[in-house]
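The values are calculated or read from the model by the stated rules, or taken from the named source; none is laboratory data. These numbers come from a predicted model, not from an experiment. Positions of Cβ are backbone-derived with ideal geometry, glycine not excepted, and every protein chain shown enters the neighbour counts.
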Amino acid sequence: MEANLFVQLNAHTEGAAREVRGRAASETEISDFRVIDNGEGGSSSASGSDTEDEGKAAVHVMMLSPPKKGGGSRGERWTLSSASIIHFIHLRHLSTFPHFLSLTRNSPPGHTLKRLNSASVPLLASPTLSRELLDSRMFSSVFSRGVHVRSVTSASLRHRPVPQPAKVVNTVAKLSSAGPRRQNMTPPTAYQEDPSAGPMLRFQKFLPKLPVPTLQETADRYLKSLKPLLTEQELQNTKTAVAEFIREGGVGQQLQDKLLAKAQNPHVNNWLSDWWNDAAYLAYRDPVVPYVSYFYSYKDDRKRRSPVKRAAAITTSVLKFKKMVDEKRLEPEYMRGLPMCMDSYKWMFNACRIPEKPADYPVKYDHESNKHFVVARKNRFYKVLHEVDGIQLGTRELEAQFARVLELANAEKTPAIGALTSENRDTWTEVRRMMIETSPENKKALQLIESASFIVCLDDTSPVTLEERAHQYWHGDGRNRFFDKPLQFIINENGTAGFMGEHSMMDGTPTHRLNDYLNDQIFNNRIDFAASDIRSNIPEPMPISFELSEDIIGAIDNAQQNFRDVIGLHELKVLAYLGYGKGLIKKFKCSPDAYVQMIIQLAYFKMYGKNRPTYESAATRRFQEGRTETCRTVSEESVAWCKSMMDPDADPKTCISNLRAALNAHVAYITTASEGKGVDRHLFGLKKLLHPDAALPGIYADPAYGYSSSWFLSTSQLSSEYFNGYGWSQVIDQGYGIAYMINESNLQFNIVSKKQGCERMQFYLTDAANDMRELMESELETKAKL
């Protein structure tokens with residue numbers, strides 16, 4: 001038995017909206033409607049559906065409007081024919097839509113389960129359907145009220161007669177807004193699905209493996225990236241070392257063969273992931289805070305100024321997201337229409353980083369056995385159940401729990417156990433062992449924290465300015481935290497709030513999605529805040545107690561002093577640039593991200609008179625266990641542009657031409673890096689395969705290798721309508737960490753360094769942004785006169 005989803009489009013909507021950005025549903029909840037073609041009979045089955053149908057079926061999307069010229073007769077429709085994932089819509093929200101959705105069976109032919117008609121709201125289609133194969137495209141429909149109907153898998157177009165709707169029956173498919181917005185592409189046919197893995201992981205084992213670039217590809221790209229950074233003699237020395245490394249039968253070829261063998265091993269999902277997780281994070285011995293952790297700062301919630309109310313709202317939303325992750329119902333993320341690896345989500349909840357020598361290790365606890373979270377208040381930790389008798393605590397119940405924690409914390413002072421997690425990792429390893437040896441109660445107490453779903457920190461501070469908030473969420477006072485936990489939600493005395501993440505097993509995209517989701521739930525009133533009874537059988541928050549020896553107390557004191565010393569080395573500035581934002585940048589016909597990268601390059605050039613190695617993260621999560629690759633921002637084109645901008649005699653047309661060349665070079669590199677063909681991870685992997693006793697090849701001994709991967713600028717972009725800031729640390733002592741947000745009408749930069757001059761950098765970023773606006777507006781004015 002086959003099922004089809006039909007979407008009727010009026011003829012005038014053909015070709016509209018090449019890119020549907022997705023106005024998130026404001027009046028309905030959207031979740032996955034999954035129907036899988038198993039090649040046999042069966043009925044449809046929906047995740048979270050109210051329908052009684054069970055089993056499996058194929059889902060198709062049809063265009064009912066007349067095809068383009070030459071595309072067939074009016075009585076035909078194009079069919080996207082393959083197993084598909086559909087974002088379906090709760091039918092109670094369709095009463096005002098002019099189009100109908102029908103779910104039909106072809107046994108008997110034309111049998112209609114549901115049909116709705118009404119008046120006049122336009123439906124957009126992207127891209128325009130044609131007779132051509134849609135193997136790499138996606139058919140996407142968006143109702144003007146923000147409700148999404150989307151097909152996800154690849155398909156080819158073919159004629160199919162229009163079935164005649166018949167008997168109407170009352171079947172409803174239910175949705176939630178968990179699914180991410182997807183751009184107008186669809187996974188190729190190679191992307192199969194595993195229904196048994198659940199919606200979240202259905203593509204996982206069919207994702208492509210991270211590729212291994214050829215030696216020649218990496219050599220060419222590496223030398224090109226070095227040309228604007230080195231002198232002629234330095235570059236010539238590097239060319240000699242590279243040529244020796246990649247020669248036929250040379251050491252590079254031997255290492256490449258080993259790397260290819262690892263990549264092709266069917267038992268290895270990703271040739272890089274174990275090395276990278278260890279070298280970049282787990283074996284890193286400096287303190288997690290401030291060198292590894294990162295933060296998001298939330299916009300104010302004017303309805304919930306009370307910290308307990310805001311904490312309850314945030315916790316409720318987080319638990320809602322957690323439930324989808326635990327049950328593997330969360331819709332996968334997509335990049336350019338392709339499904340992304342969701343493996344890192346397993347490290348989101350009920351997980352922790354454990355200190356150890358020579359490298360830390362992650363632990364994951366069973367979520368069914370650990371239905372609690374931890375609240376930190378005045379340096380003490382409390383265990384709070386988030387589910388009792390199989391029922392999640394409601395917002396009023398959570399408010400009562402948080403209020404009780406505030407009372408308990410006022411009654412007794414305690415040493416700041418959490419400060420130990422801010423220590424050098426080897427030091428924390430030794431102290432943790434000492435704690436466990438001192439008392440078995442300490443081991444139990446640590447495990448309660450480490451196994452918790454997440455941590456909610458109720459801080460007794462009231463940050464107001466963007467910089468005060470950034471400091472609070474990035475590091476705080478180092479005491480009311482447990483820095484080894486991947487998720488810490490921070491609520492201040494004045495109701496301001498934010499998030500702190502531990503980076504070792506997850507990059508920013510999963511936690512960005514989580515934090516965006518929880519704020520969307522709150523600000524769009526998707527949570528039931530109505531009054532409800534507080535159950536009498538909910539246990540009181542349980543203080544987590546430790547038995548502390550004099551040595552442990554001494555270690556805590558040392559940790560607090562070391563924390564103050566480390567943080568004291570840093571400075572932080574926030575630039576809220578109000579001159580313009582994404583809207584105007586797009587009018588300039590520029591990539592917003594590449595444009596802001598050039599703002600940073602020009603600002604650095606203005607400040608130092610030269611450009612230096614710059615890192616921007618490029619996501620490689622389209623591959624199994626993929627994380628990031630380096631985008632080397634500095635190019636010949638970007639340096640030429642910076643120089644022309646500083647030349648008082650340069651013609652504006654030349655500057656504009658140079659800027660566009662720099663933007664194109666940046667987009668090309670970051671695209672290549674996202675495809676797993678960057679320079680840095682490949683060279684890193686080859687080096688890891690060297691025998692410990694082997695001589696270091698010239699390419700690695702060459703000073704250019706170390707210099708070109710010393711990130712004087714470590715940058716990344718993340719934007720959310722619910723955040724007013726985010727950031728992290730610099731990665732070298734002489735460098736800057738610059739996190740930026742690109743909003744519609746403004747830009748925001750979080751600038752961190754070890755006393756390198758953040759205030760001056762703030763000034764030059766403003767100056768560079770102003771110069772670029774003046775330059776590009778001159779082009780707009782010229783075109784307007786034509």
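Considering only the range 574-583, I want to know if a residue exists there that is surrounded by fewer than 20 Cβ atoms within 10 Å (Cβ to Cβ), of a type in the set (Gly, Ala, Ser) and either modelled with pLDDT under 95 or out of contact with any Lys or Arg (no Cβ under 9 Å at 6 or more places or on another chain) (or both).
So far as the range 574-583 goes, yes, one or more of its residues are surrounded by fewer than 20 Cβ atoms within 10 Å (Cβ to Cβ), of a type in the set (Gly, Ala, Ser) and either modelled with pLDDT under 95 or out of contact with any Lys or Arg (no Cβ under 9 Å at 6 or more places or on another chain) (or both).
Go through the range 746-778 residue by residue and tally those that are modelled with pLDDT under 95 and under 29 Å from the mean Cα position of the chain (by Cα).
Residues in the range 746-778 being modelled with pLDDT under 95 and under 29 Å from the mean Cα position of the chain (by Cα): 0 in total.
Out of (1) modelled with pLDDT of 95 or more; (2) in contact with a strand residue (DSSP E or B) (Cβ under 6 Å, 6 or more places away or on another chain); (3) closer than 22 Å to Gln624 by Cα, what's the single condition that is false for Ser225?
Going through the list (1) modelled with pLDDT of 95 or more; (2) in contact with a strand residue (DSSP E or B) (Cβ under 6 Å, 6 or more places away or on another chain); (3) closer than 22 Å to Gln624 by Cα, Ser225 breaks only (3).
State whether one or more residues within the range 467-482 are among the small types (Gly, Ala, Ser) and either over 28 Å from Gln762 (Cα atoms) or not in a loop (DSSP other than H, G, I, E, B) (or both).
yes
Quick test for you: out of Leu259, Leu272, pick the one residue that is outside the structural domain of Ser422 (by TED's automatic domain parsing), within 23 Å of the chain's Cα centre (by Cα) and among the aliphatic types (A, V, I, L, M).
Of Leu259, Leu272, the one residue that is outside the structural domain of Ser422 (by TED's automatic domain parsing), within 23 Å of the chain's Cα centre (by Cα) and among the aliphatic types (A, V, I, L, M) is Leu272.
Taking only the range 584-610 into account, find how many residues are buried (at least 19 other Cβ atoms within 10 Å of the Cβ) and either among the small types (Gly, Ala, Ser) or over 14 Å from Cys642 (Cα atoms) (or both).
The qualifying residues number 7.
Give me the residue from the range 197-228 that is buried (at least 21 other Cβ atoms within 10 Å of the Cβ) and of a type in the set (Phe, Trp, Tyr) and, out of that set, farthest from Thr614 (Cα to Cα).
Going through the qualifying residues, I end up with Phe203.
Could you list all residues from the range 605-646 that are out of contact with any Pro (no Cβ under 8 Å at 6 or more places or on another chain), closer than 26 Å to Thr218 by Cβ and of a type in the set (Phe, Trp, Tyr)?
Correct list: Tyr615, Trp641.
Scan Gln447, Gln472, Gln488 and give me the residue that is surrounded by fewer than 24 Cβ atoms within 10 Å (Cβ to Cβ), closer than 30 Å to Ala618 by Cα and either in contact with an Asp or Glu (Cβ under 7 Å, 6 or more places away or on another chain) or of a type in the set (S, T, N, Q) (or both).
Within the list Gln447, Gln472, Gln488, the selection yields Gln472.
Of these, Met342, Met335, which one is crowded, with 22+ Cβ neighbours inside 10 Å and either aliphatic (A, V, I, L, M) or more than 19 Å from Thr509 (Cα to Cα) (or both)?
Met342
Under 9 Å between Cβ atoms, at least 6 apart or on separate chains: pull out the pairs that start in the range 662-680 with a residue that is within 12 Å of Glu616 (Cβ to Cβ) and end on any residue that is among the aliphatic types (A, V, I, L, M) and in a loop (DSSP other than H, G, I, E, B).
Here the result reads Ala673/Val679, each pair linking the range 662-680 to a residue that is among the aliphatic types (A, V, I, L, M) and in a loop (DSSP other than H, G, I, E, B).
Which residues, taken from the range 277-317, are charged (D, E, K, R) and either in a strand (DSSP E or B) or surrounded by fewer than 18 Cβ atoms within 10 Å (Cβ to Cβ) (or both)?
Hits for the range 277-317 are Asp278, Arg285, Asp286, Lys299, Asp300, Arg302, Lys303, Arg305.
Each row is one residue, and each column tells you yes or no for (1) among the β-branched types (Val, Ile, Thr); (2) within 13 Å of Asp771 (Cα to Cα); (3) in contact with a Ser or Thr (Cβ under 9 Å, 6 or more places away or on another chain).
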position	(1), (2), (3)
Gly583	no, no, yes
Tyr595	no, yes, no
Ala603	no, yes, yes
Arg621	no, no, yes
Glu629	no, no, yes
Asp651	no, no, yes
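Go through (1) in contact with a Phe, Trp or Tyr (Cβ under 9 Å, 6 or more places away or on another chain); (2) over 23 Å from Lys320 (Cα atoms) and name the single condition Glu467 misses.
Here Glu467 meets the rest and fails (1).
Got a sec? Which of Lys328, Lys323, Lys309 is touching a Leu at 6+ places or on another chain (Cβ under 8 Å) and of a type in the set (D, E, K, R)?
Just one listed residue meets the conditions, Lys328.
Within the range 254-267, count every residue that is touching a residue at least 12 places away in the same chain (Cβ under 8 Å) and closer than 16 Å to Lys205 by Cα.
Number satisfying all stated conditions: 1.
Just a yes or no: is a residue in the range 516-524 acidic (Asp, Glu) and free of Cβ contacts under 8 Å to residues at least 12 places away in the same chain?
No: zero hits.
hydroxyl-bearing (Ser, Thr, Tyr) and either outside the structural domain of Glu407 (by TED's automatic domain parsing) or more than 21 Å from Glu721 (Cβ to Cβ) (or both): which single residue out of Thr496, Thr509 fits that description?
After applying the criteria, what remains is Thr509.
So that you can scan it fast, the table gives a plain yes or no per residue for (1) without any contact (Cβ under 8 Å) to a residue 24 or more places away in the chain; (2) of a type outside the set (Ser, Thr, Tyr); (3) within 17 Å of Leu466 (Cβ to Cβ):
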position	(1), (2), (3)
Gly737	yes, yes, yes
Tyr740	no, no, yes
Asn750	no, yes, yes
Glu759	no, yes, yes
Met776	no, yes, no
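Kindly evaluate Tyr707 against the criterion of being assigned by TED's automatic domain parsing to the domain that holds Arg221, modelled with pLDDT of 95 or more, crowded, with 22+ Cβ neighbours inside 10 Å and not charged (D, E, K, R).
no
Among (1) within 22 Å of the chain's Cα centre (by Cα); (2) more than 23 Å from Asp360 (Cβ to Cβ), there is one condition Gln488 misses while meeting the rest; what is its number?
(2)
Going by the structure shown, is Val639 surrounded by fewer than 22 Cβ atoms within 10 Å (Cβ to Cβ), among the aliphatic types (A, V, I, L, M), touching a Lys or Arg at 6+ places or on another chain (Cβ under 9 Å) and closer than 24 Å to Gln748 by Cα?
Yes: the conditions hold for Val639.
Scan the range 475-486 and give yes if some residue there is under 20 Å from Ile567 (Cα atoms) and of a type in the set (Asp, Glu), otherwise no.
Checking the range 475-486: at least one residue is under 20 Å from Ile567 (Cα atoms) and of a type in the set (Asp, Glu).
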